[in-house]
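Read through the structure below, which is laid out as structure tokens, and then see the notes.
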Amino acid sequence: MRDHSEQLEFMEIEMSDEIEPASVRIPDRSTLAPRSREPRVLPGSVLSSEKRFVEEARRLAETTEEETLPVPFMSYWPTYGVMNDAQLRWYLYWRTEVRQGNYLDVDLSYLFVHIYELINGIGWLYPEQGYEQLKQLWIHYREHLPQLNPYMQEWMVDFVLVHELQPRLQEVMQLAGGYLPAPVLDKELQRMLQENTPVLTLEMLQRYYDYDISLNTFYRDGGKEVMERFIPQVMAVAHAYLKRTRSHGLLPEMNPEAELTIERTLFRKAVYDESIYGRSVSFTYFPLGEQKDFVQRLTRMYRCTENKLRELLGFRGRLRGKTLEPELARVIERYIEKMYSLEQTDAEHAPVIQIDTAKLASLQEDSEYVRRALTIEETAPSEYDAASAAFEPEAIEPYREQMVAAPWSMEQHDEPNQEQSKAIAAASDEGAEMNELLQAQAKDTAESEVQLQRQDDISSAKIELQWHESAEASLQQEWHEFAEQLEPRHVKAIHVLLGDRVDAELICLANEIGTMPALLLDEINDIAMETIGDLLIDGDRIAPDYMDVFEHVKRCEL
């Protein structure tokens, strides 16, 4: 074993003043190896990971990079420090392209690093610029990287609150599919109504209805689009009317003592230096969503609007429940009638061009003649007979009303024989295409007629949902309304649900009436929502909470 007790000896070298130091060329900076990306830490000081990130981000804020190959990068806590040199070069090149409006495909971790820069105030001079950059990143990458959405909808709200860009909240809400944190949504709605700018949307107001409007039939069968069109207008009219009759419009009377102040933590789950904008932001709001009278009024306004549109559109059934005060209801209904009438008038004034079906039939026959003449293989008699039948004027007649408008007309159809060949050649391609369309329409119409006939057969039977006399008197009125709205097919389905072979018999019933079991059960749930105010069927069985009601249903031969 080596003995380390020996003393170390040093060599003395006498330096002469006459010796000149060797001349050494200082290399160009561009040839030097890249310096460490870790920030310089002064003795005795400790930087948090967030502060280290921000310090490095400021040094790299204006750094660009030439085009380079993409390098995968995935990190739970993405920062510059966990990137290798190739990943950093790709990030700087990608960021350079993004700043020029070229949004290249990128891994989520790279995207988060750029978002962290913007959140910490790096890469922009004015808050509006930072907001716009964040918005564009969200818009361009939300479909490819859906994991981004839950983070951005919160961070964008924080950015708006920190930099006092409150008018941007409505845009954030639209990007988030109608979502805003409940206190923020209450404050935003209050601001809009107080400033008389109630550009309210159906998505924004859904939180203030006392039931889920997406469960009723009208909403699902096209009503959503028309409600999205009318609700903002109705709310603006109602707010203006109530401002004239009551000083606060749609808003309830707000007691300052009922206002709440909350502290919202900023940029949660982001690499964010709290020393820049603080740990949280505080704001005061009035909890509109907790005001029972306010929620009930908005719900009744929605119900009034939907019922009027159901009436105008010929949609069966009406929403029940407490109604609006008569004067406000009349204002809303008159407005909807006027706007709907204007829409219908505009639609009627649109130019309609009709097709001369006789001329069309002639061209179809000519095109079929050309097709057969150019076909090498002989068509089988049965196929030819079926094809010929489709081109007879009698076969075309049912589609006279279905002909769509077109920028051409066929009013003259008695042409000289010498020009017939030209017409044949010109219409051969168009005629063949129309033949296929008519054949497809004929097939769909035949199938629809068979299905409607089946449904008519079912509906024609006198089948009603009945309870035993001993239980019928104790039933609440809403159950009688439910039974009145049921079609025979619904009654049959309920009897199947009360039987022993539910799955097999439900499939047989659906096949019999030309539908699917799930659609049939959804129809029953729609009726239940409009009458008893709850879903009757859970999955593919009657909900346990309502089985005691249906134990007394009178069973009969169907």
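The values are calculated or read from the model by the stated rules, or taken from the named source; none is laboratory data. Since the structure is predicted, the reported quantities are computational estimates derived from the model, not experimental observations. Heads up, the Cβs are rebuilt from the backbone with ideal geometry, glycines too, and the neighbour counts pull from every protein chain shown.
At-a-glance table
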| quantity | calculated |
| --- | --- |
| Yes/no for Pro198 being closer than 19 Å to Pro287 by Cα and at pLDDT below 85 | yes |
| Enumeration of residues in the range 302-317 that are basic (Lys, Arg), without any contact (Cβ under 8 Å) to a residue 24 or more places away in the chain and within 20 Å of Tyr335 (Cβ to Cβ) | Arg303 |
| Candidate set: the range 254-271, residues that are within 34 Å of the chain's Cα centre (by Cα) and closer than 17 Å to Leu193 by Cβ; chosen: the one modelled with the lowest pLDDT | Met254 |
| Per-region count, the range 218-253, residues of a type in the set (Gly, Ala, Ser), touching a helix residue (DSSP H, G or I) at 6+ places or on another chain (Cβ under 9 Å) and part of a helix (DSSP H, G or I) | 3 |
| Residue match in the range 207-215 (condition: polar (S, T, N, Q), within 25 Å of Glu259 (Cα to Cα) and within 15 Å of the chain's Cα centre (by Cα)) | no |
| Failed item, numbered, when Leu169 is tested on (1) modelled with pLDDT of 95 or more; (2) in a helix (DSSP H, G or I) | (1) |
| Close pairs (6 angstrom Cβ cut-off, 6 or more residues apart or separate chains): within 13 Å of Trp138 (Cβ to Cβ) in the range 98-120, part of a loop (DSSP other than H, G, I, E, B) anywhere | Leu108/Leu145; Phe112/Pro78; Ile119/Phe267; Ile119/Ala270; Ile119/Tyr272 |
| From Gln153, Gln190, residue being surrounded by 14 or more Cβ atoms within 10 Å (Cβ to Cβ), among the polar types (S, T, N, Q), assigned to a helix (DSSP H, G or I) and over 18 Å from the mean Cα position of the chain (by Cα) | Gln190 |
| Scan of the range 523-552 for residues that are at pLDDT below 80, of a type in the set (Asp, Glu), closer than 23 Å to Phe218 by Cβ and in a helix (DSSP H, G or I), ordered by number | Asp526, Glu530 |
| Qualifying residues in the range 207-222 (those that are of a type outside the set (D, E, K, R) and out of contact with any Ser or Thr (no Cβ under 8 Å at 6 or more places or on another chain)) - the one surrounded by the fewest Cβ atoms within 10 Å (Cβ to Cβ) | Ser214 |
| Failed condition for Leu250, given (1) buried (at least 17 other Cβ atoms within 10 Å of the Cβ); (2) over 30 Å from Glu143 (Cβ atoms); (3) out of contact with any His (no Cβ under 6 Å at 6 or more places or on another chain) | (3) |
| Flag if Glu164 is in the same structural domain as Tyr76 (by TED's automatic domain parsing), out of contact with any helix residue (DSSP H, G or I) (no Cβ under 7 Å at 6 or more places or on another chain), surrounded by fewer than 21 Cβ atoms within 10 Å (Cβ to Cβ) and under 27 Å from Leu92 (Cα atoms) | no |
| Neighbours by Cβ (under 8 Å, 6+ apart or cross-chain): first from the range 40-62, under 18 Å from Tyr272 (Cβ atoms) and at pLDDT 90 or above; second of a type in the set (A, V, I, L, M) and not in a helix (DSSP H, G or I) | Glu50/Val271; Phe53/Val271; Val54/Ile122; Glu55/Leu47; Ala57/Ile122; Arg58/Ile122; Ala61/Ile122 |
| Some residue of the range 287-294 being basic (Lys, Arg) and closer than 30 Å to Tyr76 by Cβ | no |
| Index of the failed condition, Arg297 passing every other in (1) of a type in the set (D, E, K, R); (2) crowded, with 18+ Cβ neighbours inside 10 Å; (3) touching a residue at least 60 places away in the same chain (Cβ under 8 Å) | (3) |
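Residues are listed down the side, and each one gets a yes or a no for (1) among the polar types (S, T, N, Q); (2) within 27 Å of the chain's Cα centre (by Cα):
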residue	(1), (2)
Gly222	no, yes
Glu228	no, yes
Arg244	no, no
His248	no, no
Phe283	no, no
Gln291	yes, no
Thr305	yes, yes
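Results for (1) in contact (Cβ under 8 Å) with a residue 40 or more places away in the chain; (2) assigned to a loop (DSSP other than H, G, I, E, B); (3) surrounded by fewer than 13 Cβ atoms within 10 Å (Cβ to Cβ), shown as yes or no for each residue.
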position: Met74; (1), (2), (3): no, yes, yes
position: Ile122; (1), (2), (3): yes, yes, no
position: Gln133; (1), (2), (3): no, no, no
position: Leu148; (1), (2), (3): yes, no, no
position: Asp158; (1), (2), (3): yes, no, no
